[in-house]
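*Asks:* The structure that follows is given in the form of structure tokens.
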Amino acid sequence: MTIGDGASYAPEGEARPVVEAGEFRFAVARLDHGHIYGQANGLIEAGGTLVAAFDADRDRLATFIDRFPLAKPASSFEELLDDPTLQLIASAAIPSERSAIGNHVMQAGKDYFTDKSPFTTLEQLQETRQVQQATGRRYFVYYAERVHNEAAWHAGELIKAGAVGDVLQVLNIAPHRLSATSRPGWFFDKSCYGGILTDIGSHQVEQFLTYAGCKEADINHALVRQNADFPGLEDFGEMSLTGDNGASFYSRVDWYTPDGMPVWGDGRAFILGTSGSLELRKYVDLTRQVPASKIFLTDQQKVEEIDCLGKVGFPFFGQLILDCLNGTELAMNQEHIFKAAELSMRAQRLADDHG
């Protein structure tokens, strides 16, 4: 696992299968973003069987199959759509193309697992909502900064257990390393990635909705900044939301992780509750531990440091598989998935309107 470059960051954990081998068969298609390796890792560790892969770039496909040799190369995307033995197709396409790919997958009678952000426009979201409702299939999103991070996942469990009382505010800091020379051309084209709040901002909104227990929110403020060297790239964004239960949210996202940082970004979250607080150090504990996944809990009785690295695992993927097989909503419910994307795009639109 590469910890210095977010594009190739693919966490690996202990295998915790929820199904027997061959019981849940999936394929991958469109490997434009390196997050597909994390998506595949998570599903395989949960017992999924990766049987096939497709990408129009044959070199990129060969590299993927070198990593996952049990996957057979498919000759076309349609070959995967026509395979009646597949339950799910995972994809990390160019963001502006993810919605249409998912629509085809669901219309072919399969569930879909896309990298974030799932959409780049509100119009795409509306179309996919309609397809999902019409087909009854599931549209999952890889909001990895929570579902593939042990501290972020465990924080949700602590909050559900009442560790900090009612959540009053979530504050997310999400710096990322640019690594400009290794990025594909579409990364610098806003029409392809949708803007920084639409893109990495969707992670942060999803965490807010989860931790604060919100189903809806109002956008109070949103701002973005253009990169001086790459005019199509937004390198800084911030947003403030208020949830339907009164909880407050602020997030900063950026591409300014300096080269001296040992990981791709010092992502943190600060969660204030009525009877305690949590600080999450998701990827590094500066000057003390690299990599790291820690929670600092303060409540009415104590201050506690909770080391989550290698201890919590990644339950999301097993829950996703069981949702596909049983029609449940253990991993995350469909409206939550869509709402996180909707709010991040609404914040992006507000920032765009304000110039």
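The values are calculated or read from the model by the stated rules, or taken from the named source; none is laboratory data. Please read all numbers here as calculations on a predicted model, not as lab measurements. Quick reminder, even Gly has a Cβ in these numbers, built from the backbone with ideal geometry, and neighbours come from all protein chains shown. Note: areas computed on protein heavy atoms with side chains; ligands, DNA, RNA excluded. Shrake-Rupley method; radii C 1.70, N 1.55, O 1.52, S 1.80 Å.
*Asks:* Just give me the residues in segment 146-161 being closer than 16 Å to SER277 by Cβ and in contact with a strand residue (DSSP E or B) (Cβ under 9 Å, 6 or more places away or on another chain), in sequence order.
*Replies:* Within segment 146-161, ALA151, ALA152, HIS154, ALA155, LEU158, ILE159 qualify.
*Asks:* Being touching a residue at least 12 places away in the same chain (Cβ under 8 Å) and either within 24 Å of PHE140 (Cβ to Cβ) or in contact with a Pro (Cβ under 8 Å, 6 or more places away or on another chain) (or both) narrows it down to one of ASP235, ASP199, so name that one.
*Replies:* ASP199
*Asks:* Would a scan of segment 256-266 turn up a residue that is modelled with pLDDT of 95 or more and assigned to a strand (DSSP E or B)?
*Replies:* No, segment 256-266 has no match at all.
*Asks:* Okay, next question. Name the residue that is nearest to HIS176 (Cα to Cα), counting only residues in segment 222-232 that are assigned to a strand (DSSP E or B) and in contact (Cβ under 8 Å) with a residue 40 or more places away in the chain.
*Replies:* Across segment 222-232, the extreme among qualifying residues is VAL224.
*Asks:* Here is a further query. Conditions first: (1) within 20 Å of THR2 (Cβ to Cβ); (2) not in a loop (DSSP other than H, G, I, E, B). PHE249 passes all but one, so which condition is the exception?
*Replies:* The one condition PHE249 does not meet is (1).
*Asks:* Given the structure, is LEU309 at pLDDT 95 or above, at negative phi and open to solvent by 30 Å² or more (accessible area, probe 1.4 Å)?
*Replies:* Here the answer is yes, as LEU309 does meet what is asked.
For (1) open to solvent by less than 50 Å² (accessible area, probe 1.4 Å); (2) in contact with a strand residue (DSSP E or B) (Cβ under 6 Å, 6 or more places away or on another chain); (3) free of Cβ contacts under 8 Å to residues at least 40 places away in the same chain, each residue gets a yes or a no:
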| position | (1), (2), (3) |
| --- | --- |
| GLY267 | yes, yes, no |
| PHE270 | no, yes, no |
| GLY273 | yes, yes, no |
| LEU278 | yes, yes, no |
| VAL303 | no, no, yes |
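*Asks:* Still on this structure: Tally the residues that are over 20 Å from the mean Cα position of the chain (by Cα), among the aliphatic types (A, V, I, L, M) and more than 14 Å from GLU305 (Cβ to Cβ), restricting the search to segment 265-285.
*Replies:* Number of matching residues: 1.
*Asks:* Given the criterion open to solvent by less than 40 Å² (accessible area, probe 1.4 Å), in contact with a Leu (Cβ under 9 Å, 6 or more places away or on another chain) and assigned to a loop (DSSP other than H, G, I, E, B), identify the matching residue among ALA341, ALA331. Please lay out each step first, then the result.
*Replies:* Details: ALA341 fails: assigned to a loop (DSSP other than H, G, I, E, B).
After applying the criteria, what remains is ALA331.
*Asks:* Only one of these conditions is not met by GLY355: (1) at pLDDT below 95; (2) in contact with a Pro (Cβ under 7 Å, 6 or more places away or on another chain). Which number is it?
*Replies:* Looking at each condition in turn, GLY355 falls short on (2).
*Asks:* Does PHE314 meet the test of being within 16 Å of TRP153 (Cα to Cα) and surrounded by fewer than 16 Cβ atoms within 10 Å (Cβ to Cβ)? If you could, list the steps in order and put the result at the bottom.
*Replies:* Values: within 16 Å of TRP153 (Cα to Cα): yes; surrounded by fewer than 16 Cβ atoms within 10 Å (Cβ to Cβ): no.
For PHE314, the condition - within 16 Å of TRP153 (Cα to Cα) and surrounded by fewer than 16 Cβ atoms within 10 Å (Cβ to Cβ) - is not met.
*Asks:* Give just the number: which of (1) out of contact with any Lys or Arg (no Cβ under 8 Å at 6 or more places or on another chain); (2) under 20 Å from PHE208 (Cβ atoms) does GLY267 not satisfy?
*Replies:* So GLY267 meets the others, but not (1).
*Asks:* Continuing with the same structure: State which residue is nearest to GLN334 (Cα to Cα) when the search covers only segment 155-173 and only residues that are under 17 Å from the mean Cα position of the chain (by Cα) and crowded, with 22+ Cβ neighbours inside 10 Å.
*Replies:* Pass one, segment 155-173, residues under 17 Å from the mean Cα position of the chain (by Cα): 155-156, 172-173.
Going one step further and asking which of them are crowded, with 22+ Cβ neighbours inside 10 Å, we end up with 155, 172.
Working: ALA155: 21, ASN172: 23 Å.
Among those residues, the one meeting the criterion is ALA155.
*Asks:* Let me ask another. When SER293 is evaluated against the numbered criteria (1) touching a residue at least 40 places away in the same chain (Cβ under 8 Å); (2) open to solvent by 20 Å² or more (accessible area, probe 1.4 Å), which criterion, by number, is the only one it fails?
*Replies:* (2)
Quick grid of which residues meet (1) buried (at least 21 other Cβ atoms within 10 Å of the Cβ); (2) under 25 Å from THR287 (Cα atoms); (3) of a type in the set (Gly, Ala, Ser):
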position: ILE196; (1), (2), (3): yes, no, no
position: SER202; (1), (2), (3): yes, no, yes
position: CYS214; (1), (2), (3): yes, no, no
position: LEU241; (1), (2), (3): yes, no, no
position: SER248; (1), (2), (3): no, no, yes
position: VAL253; (1), (2), (3): yes, yes, no
position: GLY260; (1), (2), (3): no, yes, yes
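*Asks:* Does VAL28 meet the test of being surrounded by 15 or more Cβ atoms within 10 Å (Cβ to Cβ), touching a strand residue (DSSP E or B) at 6+ places or on another chain (Cβ under 6 Å), more than 30 Å from PRO258 (Cα to Cα) and of a type in the set (A, V, I, L, M)?
*Replies:* Working: surrounded by 15 or more Cβ atoms within 10 Å (Cβ to Cβ): yes; touching a strand residue (DSSP E or B) at 6+ places or on another chain (Cβ under 6 Å): yes; more than 30 Å from PRO258 (Cα to Cα): yes; of a type in the set (A, V, I, L, M): yes.
Considered against the rule, which asks whether it is surrounded by 15 or more Cβ atoms within 10 Å (Cβ to Cβ), touching a strand residue (DSSP E or B) at 6+ places or on another chain (Cβ under 6 Å), more than 30 Å from PRO258 (Cα to Cα) and of a type in the set (A, V, I, L, M), VAL28 comes out as yes.
*Asks:* Take segment 2-25 and flag every residue that is open to solvent by 50 Å² or more (accessible area, probe 1.4 Å), within 16 Å of ASN149 (Cα to Cα) and among the hydrophobic types (A, V, I, L, M, F, W, C).
*Replies:* ALA15
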